[in-house]
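Worksheet for the structure shown next.
The values are calculated or read from the model by the stated rules, or taken from the named source; none is laboratory data. Worth saying up front: this structure is predicted, and the values here are computed from it rather than measured. Using ideal geometry, Cβ is built from the backbone for each residue, glycine included, and neighbour counts are taken over all protein chains shown.
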Amino acid sequence: MSTLEVFLTVLSVIATVCAIVFGYKAYRRNQRSDDQSEAQRLTTMETTLDFIKGSVSRIESNQHDQSLSIAGLSERVTRVEESARQAHKRLDALTKTA
């Protein structure tokens with residue numbers, strides 16, 4: 001083997017090793033970039049879910065308050081109906097005696 005052939009062989013081995021090293025570095029850089037974009041996407045999703053969770057909690061609270069209000073109104077309407085019934089009985093009694 002001539003010195004030229006040895007030199008070319010060593011050069012090709014070095015070039016192959018460099019290609020492997022640079023390829024691995026590019027892979028790691030892309031992996032970090034992918035990890036960062038995935039983390040940003042997940043953070044955005046978590047923030048959105050927290051907002052939705054808060055909105056649902058407020059809606060549930062409002063619905064509960066409205067249920068209590070409706071129950072109170074229902075009770076008041078029942079009392080008003082009973083009062084009106086008694087007033088009609090008194091009016092009927094007055095009209096019969098007059």
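For the condition out of contact with any Asp or Glu (no Cβ under 9 Å at 6 or more places or on another chain) and surrounded by 10 or more Cβ atoms within 10 Å (Cβ to Cβ), what is the one hit in Leu49, Leu4?
Unique residue meeting the criteria: Leu49.
Could you pull out the residue among Glu46, Glu38 that is among the acidic types (Asp, Glu) and at pLDDT 95 or above?
It is Glu46.
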